[in-house]
Structures are given as C-alpha cells and as structure tokens.
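Only the coordinates and a few stated rules stand behind these numbers; no lab work does. No experiment lies behind these values; they were computed from the predicted model shown. Cβ placement follows ideal geometry from the backbone for every residue including glycine, while neighbour counts extend to all protein chains displayed.
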Amino acid sequence: MYKLHSTCRACGAKSLLPVIDFGFQPLANDFQAAADARAGAAPLKVLYCPACTLAQLSVVVDPAVLYSNYPYVTSPSQTMLDHFASLLRDLEEERGGTLGKVLEIGSNDGALLKFLESNAESVTGVDPAANLVELAEAKGIQTHRTNWCSAVADLLDCTYDTIIARHVFAHCDDWWDFIKALHLVSHANTVVAIEVPYAGDLLDKNQFDTIYHEHLSYVNLRAVNSLLLETPFYLAKVIRYPIHGGAMLLILRWRTAGAVPVPSDSIDSERWRNLNGRAREMMQSLRSMVKVLGGSKSYRVCGYGASAKSTIWLNGCGFTHQDLAFVHDVTPQKQGKLCPGTDIPIIGDRASLETCTHAVLFAWNFAAEIIAKEEPLRRQGLKFIVPVPELKIIE
Ligand code: TYD
C-alpha cells in the first residue's frame, strides 16, 4: 500500500533527519461503513531536509488507494466562498484582466471552477476521483479524470492562461513531473497559482493534525525556490490567506532574463522536533478532558466535523464511541460511515447533536463560522471544545 521515500522531493538531498513520528496510523480519509473493508495503516513519520528545509513524509501511500474514491468535497461554506472571492480578485490582478482559459488541477467537485466560470473564457478541470468528476460534470464543468502528470498534456492539447492547483501540490510525489506537466500546458504569460498550507503556520499554530498520509510535503519558500532552480519557472509572488489555518498562493511564472524570485524563508529542524513533543501533550490534554466529561452522567460528548484532522486526534487519543458518541458532519459522502481506525459513527442529523453537552471541534479551520452558525444550540447549553492551536472550551 505504500513505499518508502528517503530523498528530498525538492532538492534531491539524501541525508534526511527524522523529526516527527506518530507510529502507524490509518488513512485519514478512509471513511468506510462498518461492514466494508478498510485500507489499513501506514507509518506517519516526517523527515526534514537540512539542505533546503523541506519537511516530507517518510512514505508515499499508493495514490490509487488514496484517491480513486475520495470523500473530501470542497466545503460549501461561507468561509470557502469568501476565499474563492479573494482568489478571483488576486488572480485577476496578477493577470491584469480576465482569467482567460482556466485549468484547475485537482478540481474536486468543480466548486471553484463553477465560481470562476463567468470571469473566464473557458474552465477545465482535472481530478483522479471518479465520484468527484461525476459531481463536477453534473454542474456542467468539463473534467478529465486523471492524476496530474506530464502524460496529461496529450489529453489537453492546448495551453492555458491561468492554471490553479489548490491543495494538491503537497499531495504530489513527483514534483519534477508536476512542473514538467505545467510547462507543457502553459505559455510565456501564463499565471500558475499553487495554493498550499504554509509549514510555518503549521508549526506556529500547533497544527500537527494536518500531518497525514495525503500531505506528503510541508512546504516553505526555501524548498520551493530550491525545486524551481532547475526548471523553466520561478517563484514570482506569494500571497498569504487564512484558509485552512494558514495557506499561501505561490505564483509561478516562466523564468525570463533578470527574473528575481521571492526571497526564501527558512525553518530549522528544532521547530519540527518541538512540535512532536507538543502534539503528545495536546493529545494527552484532550484525552483527559474527554475522559473526565465522559465519567459524569451529566455530560455527553461528540465530535464536530469528520475532517481528516479528526482521524489524527481520534486515533492519537485512542477514542472509541464510548468517549465520543458520534462525529457530526454535513457531508453526505461521510454520513453512515465510521471514523477511520475507530468505531465512532458519523452522523448528520441535528437531533443527535441536540443531545450533546460538548462537541470537540475537529473542523477548527471553520471555527468562527461554525460557532456563529450553532449559536441557537450554544444557547441551549452546547459547549465547543476547540483543540487547536490550544485546547479551549467556548462557553
Ligand atoms: P476540512 O477542514 O475541510 O478538511 P480536512 O478533511 O482537510 O481536515 O473538513 C471539515 C469537515 O467539517 C468536512 O467534512 C465538512 C465538515 N463541516 C461540517 O460538518 N459543518 C460545517 O458547518 C462546516 C463548515 C464543515
């Protein structure tokens, strides 16, 4: 199901240092019904490259296992719509006008392309998940079902003015081929916009629960500049966004004479080692809190948001449905399934949520929106336990 990966994906260095080790963990999005087989577990360990400061997983799980049927659907939340609006504004500014022909890599259910459609000459998606391609096509978004690789260029047989890849770059094993494919479908004025979580935010805000098998790399600018050195692209601009706990949009352009890349940052290995220790302390704190609440007949605790992040918490804390009665989630693809590695069911009905006194907010990246939306339940007494960046109860 997985292979070891011991050379740096960005600069090719061979001597990588182990900095985080969470042992064997289930695949974070392996939501299955009780009667169905689960994919199993794989090592969850982070290696650090002293040469270019990239952090990456020690293994690569077979993409066919991870992505052929993918339950992650771009959240139809206000937070995400606001983000799409920021993206559109920034991309138009970068293009100096309309978006022209747009290609999205990892286009999921077509939500972003649908949003951009009226501001583009055409929109085309590429995504490997059959279930998501079906959803996109139902919205009228033309989508090629495939992984992003240089062979895809034959399928597309044209160049694009704007190429967007949201939260797929860190999922990709072969960055050289990813860049080669971008080159094949771009022209000298193409704006390539790659959105990735920023490793500096992950470290500063204790977001260890975003470390899971789909996220092969934890990206910073020095690593990106190292990677691009030998390619036709350079890092022309970086735009920061608050989405998903802290992301950056890497604007890549074809390298021209005199092009000056965005200056590199740097992240030392000690920060990663410290996070390893902090993750254990944070999981211990949540475990103790939930056990104390569960020990009292007056309380009933559930989870809120069956995010991939929730899998890291639930398995790290060793929770069962005795600890968390269920995890509430609005995503139809997840409802009726179990949280990976556990016997905790995912349910979407409001009545169950009303029976709880506490909900652990595993979708903490949507905290402001969810806490505001659930104001009526909070008035009835529901308290949110927010585990990141630090454990706190919202009274
Ligand atoms: P998300 O943070 O988008 O992703 P990841 O899986 O990468 O950690 O997951 C958030 C989950 O929370 C997703 O399954 C949808 C769910 N959710 C709700 O149930 N209600 C809501 O109001 C919102 C915003 C999300």
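Which ones in the stretch 155-199 are within 26 Å of Met80 (Cβ to Cβ) and polar (S, T, N, Q)?
Hits for the stretch 155-199 are Thr162, Thr190.
Among all residue pairs at least 6 apart or on different chains, which show Cβ distances below 9 Å where the first residue, located in the stretch 261-274, is within 17 Å of Gln207 (Cα to Cα) and touching a residue at least 12 places away in the same chain (Cβ under 8 Å) and the second is of a type in the set (D, E, K, R) and surrounded by 16 or more Cβ atoms within 10 Å (Cβ to Cβ)?
Final answer for the pair search is Ile267/Arg222.
Out of the residues in the stretch 54-80 that are closer than 30 Å to Ser15 by Cβ and polar (S, T, N, Q), which is farthest from the ligand (Cβ to nearest atom)?
Checked the stretch 54-80; the qualifying residue farthest from the ligand (Cβ to nearest atom) is Ser58.
Is one or more of the residues making up the stretch 111-121 outside any helix (DSSP H, G or I) and among the small types (Gly, Ala, Ser)?
Checking the stretch 111-121: at least one residue is outside any helix (DSSP H, G or I) and among the small types (Gly, Ala, Ser).
Consider the stretch 66-91. How many of its residues are surrounded by fewer than 16 Cβ atoms within 10 Å (Cβ to Cβ) and either touching a strand residue (DSSP E or B) at 6+ places or on another chain (Cβ under 9 Å) or within 30 Å of Ile346 (Cα to Cα) (or both)? Talk me through it step by step, then tell me what you get.
Of the residues in the stretch 66-91, the ones surrounded by fewer than 16 Cβ atoms within 10 Å (Cβ to Cβ) are 68-69, 76, 78, 81-82, 85-86, 89.
From what is left, the residues that are either touching a strand residue (DSSP E or B) at 6+ places or on another chain (Cβ under 9 Å) or within 30 Å of Ile346 (Cα to Cα) (or both) are 68-69, 76, 78, 81-82, 86.
Counting residues in the stretch 66-91 that are surrounded by fewer than 16 Cβ atoms within 10 Å (Cβ to Cβ) and either touching a strand residue (DSSP E or B) at 6+ places or on another chain (Cβ under 9 Å) or within 30 Å of Ile346 (Cα to Cα) (or both) gives 7.
Quick check on my filter: what residues within the stretch 300-317 are among the aliphatic types (A, V, I, L, M) and either part of a helix (DSSP H, G or I) or within 14 Å of the ligand (Cβ to nearest atom) (or both)?
Scanning the stretch 300-317 gives Ala306, Ala308, Ile312, Leu314.
Taking the criterion of being without any contact (Cβ under 8 Å) to a residue 60 or more places away in the chain and surrounded by fewer than 17 Cβ atoms within 10 Å (Cβ to Cβ), would at least one residue in the stretch 306-319 satisfy it?
yes
Could you pull out every one of the strands (runs of 3 or more DSSP E) wholly within the stretch 321-395 that has 3 or more residues that are within 11 Å of the ligand (Cβ to nearest atom) and buried (at least 20 other Cβ atoms within 10 Å of the Cβ)? So that I can check it myself, show each step before the final result.
On the way: elements: 358-361, 383-386, 392-394.
Here the list is empty.
Pull out all pairs, ordered by first then second residue, where Cβ-Cβ is under 6 Å, the residues are six or more apart or on different chains, the first lies in the stretch 52-79 and is free of Cβ contacts under 8 Å to residues at least 40 places away in the same chain, and the second is within 14 Å of the ligand (Cβ to nearest atom) and not in a loop (DSSP other than H, G, I, E, B).
Once the first residue is free of Cβ contacts under 8 Å to residues at least 40 places away in the same chain and sits in the stretch 52-79, its partners that are within 14 Å of the ligand (Cβ to nearest atom) and not in a loop (DSSP other than H, G, I, E, B) give Thr74/Ala111.
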